[in-house]
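Coordinate-derived values only; no laboratory data. From a predicted model like this one, the values you see are computed outputs, not experimental measurements. As a convention, Cβ positions derive from the backbone with ideal geometry for all residues, glycine included, and neighbour counts pool all protein chains shown.
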Amino acid sequence: MPGWSLERIVGRAAGEKLTALAWNRDPREIKIHHRAQSAGAQSALGKKPAQEQVFRPTLRHLADRVATRLRAKSRPGRTVTVRVRFADMYSVTRSVTLDAPISATAILAEIAEELVRVALADHPDEKTVSLLAISLSHLEQHWKLQLELPLGLEDEKRRPGSQRGMARWTADRAIDLIRDRFGWDAVGYGSVVLGPSRSVPDEFRELAEKSL
């Protein structure tokens with residue numbers, strides 16, 4: 001279609017743009033490296049009972065994977081989201097946005113466990129789960145930790161700037177250094193290492209992970 005015909009239909013500005021695109025003339029820069037705005041992991045369980053001893057080790061493993069990636073790139077996140085899929089393939093999500101970004105494995109795992117408990121409590125008739133997923137979004141790029149005074153708050157161990165929160169992050173970094181040198185399976189949390197075997201090797205999961 002001639003350019004003047006397009007202009008009569010869609011106007012001069014849009015007609016000129018569509019004509020240029022038709023001739024493969026596009027001045028926009030192609031961006032080939034796009035950093036992910038969230039990090040997540042999921043695990044298919046088959047059909048397992050919706051019980052603490054089933055979902056807790058799985059969530060610990062998923063939190064370990066996600067938090068390790070975030071610490072490696074120094075990109076903590078503020079919003080924790082979990083997804084629970086039941087036996088009939090019906091899925092529900094629950095999320096919470098925190099005051100401060102986190103990247104500690106234990107903190108992420110505990111928050112995810114609470115969200116899953118809420119999701120299961122909201123659906124008491126669902127007795128079987130087939131998939132669990134964790135994601136962390138609202139990632140920070142240039143974040144400086146704000147230290148907090150020991151005020152004895154109830155959630156102090158989950159606050160990254162508290163003494164207990166810093167201790168958890170320091171333990172995670174020690175694990176990260178050991179894994180960097182000796183491999184992922186060299187060290188880990190007991191609930192993860194001794195938990196049920198995973199159906200998909202972690203090496204295959206890494207192929208689907210976007211760059212942070």
task: Calculate how large, on average over all directions, the projected area of the Cα convex hull of segment 11-106 is; give the answer in nm² to one decimal.
output: 11.5 nm²
- request: Give me 116, 96, 82 ranked fewest to most by other Cβ atoms within 10 Å of their Cβ, as a rough exposure proxy.
  value: 96, 116, 82
query: So for 111, 134, fewest C-beta neighbours within 10 Å to most, what's the order?
result: 111, 134
query: Residues with amide H under 5 Å of residue 50's amide H, sequence separation 5 or more or different chain, H placed in the peptide plane at 1.01 Å from N; which?
result: 128, 129
message: As an exercise, use a Förster radius of 41 Å and the Cβ-Cβ distance of residue 125 and residue 30 to find the FRET efficiency, rounded to the nearest 0.05.
response: 0.25
- prompt: Share of antiparallel DSSP beta bridges in segment 38-195, in percent to the nearest 5?
  reply: 100 percent
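Taking 0.36 nm per residue of separation and subtracting the Cα-Cα distance, what length does fully extending residue 114 through residue 177 add?
Details: separation 63, 0.36 × 63 = 22.68 nm, distance 2.90 nm.
Roughly 19.8 nm would be gained on extension.
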- prompt: For 107, 178, what's the fewest-to-most ordering of other Cβ within 10 Å of each Cβ?
  reply: 178, 107
query: Modelled label-to-label distance, residue 187 and residue 44, 7 Å Cα→beta-carbon offset: nm?
result: 3.4 nm
Whole-number D in µm²/s for segment 38-195 (Stokes-Einstein; Kirkwood sum over Cα pairs; 4 °C, 1.567 mPa s): 80 µm²/s
message: Can you compute the equivalent ellipsoid semi-axes for segment 59-135, i.e. the square root of 5 times each eigenvalue of the Cα gyration tensor, sorted largest first and rounded to whole Å?
response: 24, 12, 9
